[in-house]
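Readers should treat all values here as calculations from the given coordinates under stated rules, not as data from a laboratory. Note that the coordinates shown come from a computational prediction; the quantities given were computed from them, not determined experimentally. So basically every Cβ, Gly included, is an ideal-geometry build from the backbone, and we count neighbours across all protein chains shown.
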Amino acid sequence: MTDLVVEGGKRLHGTVAVQGAKNSVLPILAATFLCDKPCVIHNCPELSDVETCLRILAHLGCSCFREGDTVGVDASGAEHYEIPEKLMREMRSSVVFLGAILGKLGRAVISSPGGCELGPRPIDLHLDALKKMGVEIEEDHGYLYCTAPNGLKGNTVSLSFPSVGATENIMLTATLADGKTVIHNAAKEPEISDLADFLNKAGARIYGCGSDTVEIYGVPRLHGAEHAVISDRIVAATYMAAAAVTGGDVLLEHVMPPHLIAVCAAFSDMGCKITPDGKGLRLTAPTRLQRIPTLRSLAYPAFPTDAGPVIMSCLSVAKGTSCFVENIFQNRYRYIDELKRLGAKIKVEDRVAIVEGVSRLSGACCECTDLRGGAALVIAGLAAEGQTVIGKTEHICRGYEKFEKYLARLGADISLKDQEESRENSGKADG
Ligand code: EPZ
């Protein structure tokens, strides 16, 4: 087991190239299963979730290769339609393979993805929509047995919530279905548009992504496609938080400003200066951040729930008291108890977190509770006085490529250490 060890108080400066989007590459890799010719995906980040995706594709009978940030998938001979529980449990978002397997083979067996660190992760919206498209679903002992005895038929689906995963699953199921599918109240995240761009390059007919109404006209087959994944807007927000919380000055390259409007607004509200600079964005932080009276997470293009934890680390050392309202996930605040070990003053009441900014955090031992909560602990450690030792770093590896390396290049004193070594040296009680 490895810990991240951070010596706080270093001002970050320099340039960081932001990785490809995890939440884009996962559904796009699932979509390659629909293609009967090889696909090549560029700007693929080195993440454990991507490795899990490739293992699932290999299990389904695809041949996959990776060269640097380029991944190739050939699903032409693939005929397997079952994802075993072990692989499903490794990554709950593997539910997005359901639509791809159904779309290609007309049947699928997956284990229920179950909950995760963020609380229950139901897939009722996914399943209700698939049933409207002719899919029959039997649930038995935690497995979903899906068939389409009369084939997949396009239909009109109205989502009660603009679910990202449900929108993606419907798109994947509808691409090769008979007829037209319309999704009302579709998710508008950039990752949805990126998935549609890839599918359309492979011969699909998908229109309206980025709006709340998406139309998919079924086609008989998909050929191969070559595609570069968009930049990861949540990783960009994370490096912005690292600069903001250390009074730093950092240029983020390969970002897509239109995807970061709500995020940039939050950092500006905290007193950061954000300016376009060549192909990127430069963030220059004030000596001390200002509070944000109220910040809410909502579906895109509002402030993204996934950037909430790293913003909370910034607000923990801002001048004044801030209020954050989490409107997407039931149990997003588990990391806050760990933040409090560094001296953060945060009161949580259901979905509302009241953050009383302190002038200084102090280093401590803590543990990641989930991917974005783990990133928040690193951001807090960068700001804290003294040493912070962060355990269960496997959560962070799911979504951040070479996180400690890129932060070190910006001037952070951060490294990976074996747990025994880091806990011994820290001389601090466990956890
Ligand atoms: C995607 O999750 C992202 N994951 C999440 O990022 C992101 O936080 C989320 O969208 C919201 O933007 C990937 O893309 C792999 P949802 P997803 O379906 O698709 C409820 C990260 O850190 N819901 O939009 O699971 C659900 O419980 C991750 O990178 C139902 O009730 O999100 C949640 O409260 C975390 N029934 C809300 O909707 C359903 O059938 C949003 O879920 C589906 C969802």
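Considering only DSSP beta bridges with both partners in the range 22-228, what is the antiparallel share in %, to the nearest 5? Looking only at bridges with both residues in the range 22-228, the antiparallel portion is about 70 percent. With the simple model of a label 7 Å out from the Cα in the direction of the Cβ, K402 to T213 spans 4.6 nm.
What's the FRET efficiency of L298 with E420 using the Cβ-Cβ distance as r and R₀ = 41 Å, to the nearest 0.05?
That gives a FRET efficiency of 0.40.
Estimated at 0.36 nm per residue, the fully extended path between S268 and D350 surpasses their Cα-Cα distance by 26.8 nm. Taking the Cα atoms only, what angle lies between the long axis of helix 22-31 and the longest principal axis of the chain, rounded to 10 degrees? The two axes meet at around 10 degrees.
Which one of V219, V50, V73 has the biggest mean-square fluctuation once the chain is modelled by GNM with Cα springs under 10 Å? Evaluated over the chain, the most mobile residue of the options is V219.
For the chain, the longest principal axis of the C-alpha atoms and the axis of helix 233-245 are separated by about 0°. The simple Förster model, with R0 at 56 Å and r as the Cβ-Cβ distance, assigns E51 and H13 a FRET efficiency of 0.95.
The D140 and I261 beta-carbon pair, evaluated with R₀ = 60 Å, returns a calculated FRET efficiency of approximately 0.85. Here K153 is the anchor, and the aspartates and glutamates within straight C-alpha reach of less than 13 Å, apart from those fewer than 8 places off in the same chain, are E136, D178.
Enumerate the lysines that K392 could reach by cross-link, defined here as Cα to Cα under 26 Å, with residues fewer than 8 away along the same chain left out. Within reach: K10, K22, K86, K340, K345, K347, K402, K405, K417, K428. Per-residue extension of 0.36 nm, minus the Cα-Cα distance of D124 and K86, leaves a gain of 11.5 nm for this segment. Counting only DSSP beta bridges whose two residues both lie in the chain, roughly 70 percent are antiparallel.
The modelled label-to-label distance between R107 and T70, using points 7 Å beyond Cα along the C-beta direction, is 3.8 nm. Mind checking which lysines have their Cα closer than 22 Å to the Cα of K37? Skip sequence neighbours fewer than 8 apart in that chain. Leaving aside lysines fewer than 8 places away in the same chain, those within reach of K37 are K104, K201.
Computed about the Cα centre, the dipole magnitude for the range 313-363 is approximately 180 debye when only Lys and Arg (+1) and Asp and Glu (-1) carry charge, each at its Cβ.
Angle of helix 164-174 to the longest C-alpha principal axis of the chain, folded into 0 to 90 degrees and rounded to 10: 20°.
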